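Notes for the one structure printed next.
Computed from the coordinates by the stated procedures, all read-outs in this text should not be read as laboratory data. Bear in mind that the values here come from a model prediction, so they are computed numbers and not experimental data. Note that each Cβ is placed from the backbone with ideal geometry, even for glycine, and that neighbours are counted across all protein chains shown.
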Amino acid sequence: MHDYTMATINAVRQADLDALRMLHAEGHGMNACNKFAESLVHMAGRSGNCAVMEFLIDCTGPEGLTICDDYGRTPLHDACWATEPCFDLVSFILDHDSSMLMVVDRRGYTPLSYVKRDQWGAWHAFIDAVKDKYWPTLQG
């Protein structure tokens, strides 16, 4: 929790990669989280900034994508909850582990449960476009 500072929070929120690089070089952990176990990676998921997410995962390793907050939500839950969908970021997460879409939080919700109703059409089109890549049909 000691690395979850206003400097790191602001750098993620403002998508300031230079500041994040400097903080990382100074020894700040990029896997920092608050008292609710919400990590910087969760915050990047919610903000929809793929470049920030990629930087954080380069620093934390792919396990940063599987960390859960106190409600059991992953960064993919937050990406689905974002104000505007960022499908490049969602693809980045799914490229690491497509089963992340099936993770259920403590309330019993998968990431797609957090998609806003007015975004369902865009999400349907996205899932339809990538379904063969992430969930190929078994032949036989």
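Numbers below:
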read-out: Complete set of residues in segment 91-119 that are of a type in the set (A, V, I, L, M) and assigned to a helix (DSSP H, G or I); value: 93, 94, 100, 101, 102, 112
read-out: Single match in 62, 75, 111 (criterion: of a type outside the set (D, E, K, R), in contact with a His (Cβ under 7 Å, 6 or more places away or on another chain) and under 23 Å from residue 18 (Cβ atoms)); value: 75
read-out: Any chance residue 8 is more than 18 Å from residue 95 (Cβ to Cβ), of a type outside the set (Gly, Ala, Ser) and in a loop (DSSP other than H, G, I, E, B); value: no
read-out: Unmet criterion (only one of (1) closer than 26 Å to residue 106 by Cβ; (2) more than 17 Å from the chain's Cα centre (by Cα)) for residue 5; value: (1)
read-out: Restricting segment 60-75 to residues that are within 12 Å of the chain's Cα centre (by Cα) and not in a loop (DSSP other than H, G, I, E, B), the residue that is nearest to residue 28 (Cα to Cα); value: 64
read-out: Among (1) within 16 Å of residue 15 (Cα to Cα); (2) of a type in the set (Val, Ile, Thr); (3) without any contact (Cβ under 8 Å) to a residue 40 or more places away in the chain, the one test that residue 127 misses; value: (1)
read-out: So residue 46, is it touching a residue at least 24 places away in the same chain (Cβ under 8 Å), crowded, with 19+ Cβ neighbours inside 10 Å, basic (Lys, Arg) and on the phi < 0 side of the Ramachandran plot; value: yes
read-out: Residue 10 more than 16 Å from the chain's Cα centre (by Cα), within 20 Å of residue 78 (Cα to Cα) and not aromatic (Phe, Trp, Tyr); value: yes
read-out: Members of segment 37-70 found to be of a type in the set (Phe, Trp, Tyr) and out of contact with any helix residue (DSSP H, G or I) (no Cβ under 7 Å at 6 or more places or on another chain), listed by number; value: none
read-out: Test: residue 57 is outside any loop (DSSP other than H, G, I, E, B), β-branched (Val, Ile, Thr) and closer than 25 Å to residue 124 by Cβ; value: no
read-out: Residue in segment 76-90 that is surrounded by the most Cβ atoms within 10 Å (Cβ to Cβ), counting only those that are in a helix (DSSP H, G or I) and hydrophobic (A, V, I, L, M, F, W, C); value: 79
read-out: Unmet requirement for residue 21, which otherwise passes all of (1) touching a helix residue (DSSP H, G or I) at 6+ places or on another chain (Cβ under 8 Å); (2) surrounded by 15 or more Cβ atoms within 10 Å (Cβ to Cβ); (3) not polar (S, T, N, Q); value: (2)
read-out: Some residue of segment 54-63 being buried (at least 18 other Cβ atoms within 10 Å of the Cβ), more than 19 Å from residue 11 (Cα to Cα) and of a type outside the set (Lys, Arg); value: no
